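Structure record follows, encoded as C-alpha cells.
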Amino acid sequence: MALVEVRGLTKTYQRDAQVIPVLENLDLDIEKGEFMALMGPSGSGKSTLLNLLAGLDHPTSGSIRVEGQEVSGMSSRQLATWRSRHVGFIFQRYNLLPVLTAFQNVELPLLLTSLSKKERRDHVHTSLNVVGLADRVDHYPRQLSGGQEQRVGIARAIVSDPTLILADEPTGDLDAVAGDEILTLLERLNSEFGKTIVMVTHDPRAADRSHRIMHLEKGVLTR
Amino acid sequence: MKFARLVWANLRRNKRRTILTTLSVAVALFLFATLRSVLTTLAGAAEVGSETRLITTNTISIVFPLPQSYYERLRAMEGVEAVSWANWFGGVYRDPQDFFASFAVDSDTYWPIYPEIEVPPEQLRAYMGERTAAIVGPELMKRYGWKVGDRVSLRGTIYPGDWPFTIRGVYRATTKYIDEASFMFHWDYLYEKSDRQADVGWYILQLSDPALAPAVAKRIDDTFRNSSASTETATERAFQASFITMWGNVGFFLNAIGLAVFFAILLVAANTMMMAARERTTEHAVLKALGYGDRLLFGIVMAEAAIVTLLGGLIGVLAARLLFSAATPFDSWMPGFSVTWPTIGLGLAIALVIGLMAGLIPALQAARLPVVQALRRVA
Ligand SMILES: Nc1ncnc2c1ncn2[C@@H]1O[C@H](COP(=O)(O)OP(=O)(O)OP(=O)(O)O)[C@@H](O)[C@H]1O
Ligand SMILES: [Mg+2]
C-alpha cells in the first residue's frame, strides 16, 4: 500500500453560476520515502492539489488516503489536528511570523503537542541544526536573508517529524545559489532522514533533483 | 499558557499603538471610577444617617421655618427621648465662591444627640459660656489657617450684616461621612442678633427605639397637619437620602456620561483590534496551516484584546484610588470621597467586557478565515 493514495480526486470552484473544474478524476500514489516534483503551467491546479494533500481544503469528490487514513472525509477541526501531526508545509514566501525569532517560529507546531518545554527546545535545536542555522536561533526574520528564512521555514516544517513534507515553489522567490542550497537540503531530508516530499516547481532544474516528475495539465496528471 | 509568548509578541509588534490603546482605556476607566465614586459616596452618606434620629421639617421645604412652640409638644411625644433644633445660616467668609456649611444649633441639646461629633470637654465648656463662640471642623481650620481663640467674621447671606465669632473649639467626626468643614454656633446668638427673625430650621428627635420611627413620624405629622406650619418627619437616613435625590439627576447624568465614555472607548479598542487583526490575516492563515484550530486562534486574538483593556483598566482605576486616597481638596468638597474596592472590581469587569467585545469580531474573523484563500492572496 502506498503512503498516499489519491483516487478519483475532483475539485471544482464555483464562481457565480460558472463552474470551474480544476482537478478531474485524478489518481496518484506516493510511496513512502519518495521525492516527487509536480510541474505544470500556471493555473493548472498544482497548488490546489498540494492544498488538498495537506488537508487545507476539501475535495469536491474522490478520496485521499494517507497511511490508510481517509483524509477527505474529515471535519475542519479533525483536519487541523491531522495537519499538525502529519504535514509539514513549506511556502514560497516562507511565511515566518515577523514578531517571533527563528527559534520561536520553529517551535510553533510543537506548541500544539504535549511535549515539555525542554523536549520542545531539543527538537527545535535539532531542526535548526539540520538546516544549518544553529547560530541564528535568536534572529528575527528581518535579520535573515531570503535563503535563511526559507531554511527556518523548512526547520518549522520538519520539527514535528511529519509524515509528509509539502512544498509549494520553495525556491520561487530565491536566486539560483540560495535556491540550490534549499534543493540540496530537501534532497538530504529525503535521502538521509527518509522524508517523503512533494514539491511544486516551475523550474526544470529543480525538478531534476527529485526522483519522479509529474505533470499536471488541464486537470490531468501525466508522467 | 505556552501561547502567552505569541500573544505577548503580538502586543509588542506595534508598541506605540498598544500603549496608546492601553492609555485611552486607562483614562476612560479613571473617569469611570471617579464618577462612580461620586455616586457611591453620596449613597454611603445617606446610609450612615442615623435610624434612631428623626428630622422634622416644614412640609413646604427645609428653607421654611417651624415655630419654637413645637419643641415642648415634640418632647412630649411617646417614644421621643430628646429633641434639639438647628437652623441654616449660610454665612460667607471673604470669598463667596469658597463655600462651606454654617448653621446655628441649640447648644444645650444638640451635642448630646450627636455623639459622632466629638468636641474636647474643656473646649465645649469654653464654648458654652460665650455668646459668639463657634465650633469649627478641622478641614476649615486648615483651609483658612485658623486657630482656637481666633476671631473671625462671617457675612450673612440670609440674615444680613457682619457676624463676629470667636472660635472656641474644633470637633472631630468619628464617621467619615460627617462633613469636617462645617461651622456651628449658638442658635440663641442667631435669634437675638437677627432681631428674632430667625426661627427653627429643623428639629432633631432622638428615639428610644428605631423600630418606632414610622409610627412616631406619622403621629407627629398628623398632630401638626392643621397647625400654622405642617410638618414632614423622616429618619435622618431618609432625610439625607432626600437631599441626595436632589442629586438624583446627577446620578442619571453621571451614568449617561459613563455610558458614553464606555462606547467611545469600545470603538477605539475595537478599531485597534480590527486593524491589528487585519494586518495579520496571512499569519493567521499560516498558523492554521500548521494545525492551529479555529478555537485556539479565536482565543489568542481574544486574549490579546482582553490583556490590553484589562491592563488599561487596572492603571485607570488604581490611579483613581491612589489619587483620591491622598488628601486632596476633593475631600472637603465631598466628605468621605474615595474609590471603593467594589468600584475597582466593577471597573475591571467593564474593562474586561470592553476587551472581549472589541476582540470578538477580529477573533471570529480569525477563526472563520478560509486558509487556502487567505494564503492565495499573498502566495
Ligand atoms: N477560490 C477560487 N475560486 C475560483 N477559482 C479558483 C479559486 N482558487 C483557485 N482557482 C482557480 O483554480 C485554478 C488552479 O489554481 P492553482 O493555484 O492551483 O494553480 P497553480 O497550478 O498553482 O498555478 P501557479 O503556477 O500560478 O501557482 C486557477 O485557474 C485558479 O484561477
Ligand atoms: Mg500555485
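Pairwise over distinct Cα atoms, reciprocal of the mean inverse distance: report the Kirkwood radius of the protein assembly as shown in Å, one decimal place.
30.9 Å
Over chain B, what relative contact order in percent results from Cα pairs under 8 Å that are six or more residues apart?
28 percent
With Rg and the Kirkwood Rh both taken from Cα atoms, where does Rg over Rh land for chain B?
Expressed as Rg/Rh, it is 1.19.
Counting only DSSP beta bridges with both residues in the range B:133-201, tell me the antiparallel percent, nearest 5.
65 percent
Let me have the 222 nm mean residue ellipticity of chain A computed from DSSP H runs of 4+ only, each contributing -39500 (n - 2.57), with the sum over all residues rounded to the nearest 500.
-10000 deg cm²/dmol
If you project the alpha carbons of chain A onto the principal axes, what extent comes out on each, in Å, largest first?
50, 39, 38
What residues of the range B:106-138 lie in the reach of a label at B:R172, counting those whose backbone N is under 16 Å from a point 7 Å from the Cα along Cα→Cβ?
Label zone hits: B:115-124, B:136-138.
What span do the alpha-carbon atoms of the range B:30-183 cover on each of the three principal axes, reported in whole Å from largest to smallest?
Reported extents, whole Å, longest axis first: 47, 44, 32.
Among B:A104, B:T59, B:L207, whose Cα projects farthest towards the positive end of the dipole of the range B:53-208, with charges put on the beta-carbon of Lys, Arg (+1) and Asp, Glu (-1)?
Checked the options; the winner is B:A104.
Taking the alpha-carbon distance from B:K147 and a cut-off under 26 Å, which lysines remain once sequence neighbours fewer than 8 residues away in the same chain are dropped?
B:K176, B:K193
Output the 0 to 90 degree angle, nearest 10, between the alpha-carbon long axis of helix A:76-86 and the longest principal axis computed from the alpha carbons of chain A.
For helix A:76-86, the angle is close to 60 degrees.
Enter the mean projected area of the convex hull around the alpha-carbon atoms of the range A:75-156, in nm², rounded to one decimal.
Answer in nm², one decimal: 5.6.
Could you order peptides B:260-272, B:138-150 by the average number of other Cβ atoms within 10 Å of their residues, highest first?
In decreasing order of mean packing, B:260-272, B:138-150 become B:260-272, B:138-150.
Give the relative contact order (percent, whole number) for chain A; include only Cα pairs under 8 Å separated by 6+ residues.
Value for chain A: 30 percent.
Pull out the extension gain between B:K2 and B:F263, defined as 0.36 nm times the separation in residues minus the alpha carbon to alpha carbon distance; nm, one decimal.
Computed gain between B:K2 and B:F263 is 90.7 nm.
Show the residues, 5+ positions off or on another chain, whose built amide H is closer than 5 Å to the amide H of B:F224.
B:T231
Could you tell me the calculated FRET efficiency between A:E31 and A:R142, based on Cβ-Cβ distance and R0 = 51 angstrom, to the nearest 0.05?
Efficiency for this residue pair is about 0.80.
Just from its helices, what would the mean residue ellipticity at 222 nm be for chain B, if runs of 4 or more DSSP H residues each count -39500 (n - 2.57) and the sum is divided by every residue, rounded to the nearest 500 deg cm²/dmol?
Value at 222 nm, helices only: -18000 deg cm²/dmol.
Could you name the lysines in cross-link range of B:K15, using Cα to Cα under 29 Å and dropping any fewer than eight places away on the same chain?
Within the straight-line limit of under 29 Å, B:K15 reaches these lysines: A:K117, B:K2, B:K288.
With +1 on the Cβ of every Lys and Arg and -1 on the Cβ of every Asp and Glu, and nothing else charged, how large is the dipole of the range B:53-208 about its Cα centre, in debye rounded to the nearest 20?
300 debye
I want to verify a result. In a Gaussian network model of chain A, Cα cutoff 10 Å, which of these has the top mean-square fluctuation: A:H86, A:H211, A:H123?
Result: A:H211 has the largest fluctuation of those listed.
Once the piece of chain linking B:E72 and B:R368 is laid out straight, how much longer is it, given 0.36 nm per residue of separation minus the C-alpha distance between them?
This chain segment gains 98.5 nm when fully extended.
Which residue, A:A134, A:A176, A:A54, tops the fluctuation ranking in a GNM of chain A built on C-alpha contacts under 10 Å?
A:A176
Answer with one residue from B:L254, B:G90, B:T41: the one whose Cα lies farthest towards the positive end of the charge dipole of chain B, charges on Cβ with Lys, Arg +1 and Asp, Glu -1.
B:L254
Which percent, to the nearest 5, of DSSP beta bridges fully inside the protein assembly as shown are antiparallel?
Antiparallel bridges make up about 65 percent of those DSSP assigns within the protein assembly as shown.
By DSSP, what percent of the beta bridges with both residues in the range B:53-208 are antiparallel, rounded to the nearest 5?
Of those bridges, close to 75 percent are antiparallel.
Taking the Cα centroid of the range A:156-186 and of the range B:65-140, what is the distance between the two, rounded to the nearest whole Å?
The two parts, judged by their Cα centres, are 91 Å apart.
Any read-out appearing in this document is the output of simple, stated calculations on the displayed coordinates, not a laboratory observation. Since the structure is predicted, the reported quantities are computational estimates derived from the model, not experimental observations. As a convention, Cβ positions derive from the backbone with ideal geometry for all residues, glycine included, and neighbour counts pool all protein chains shown.
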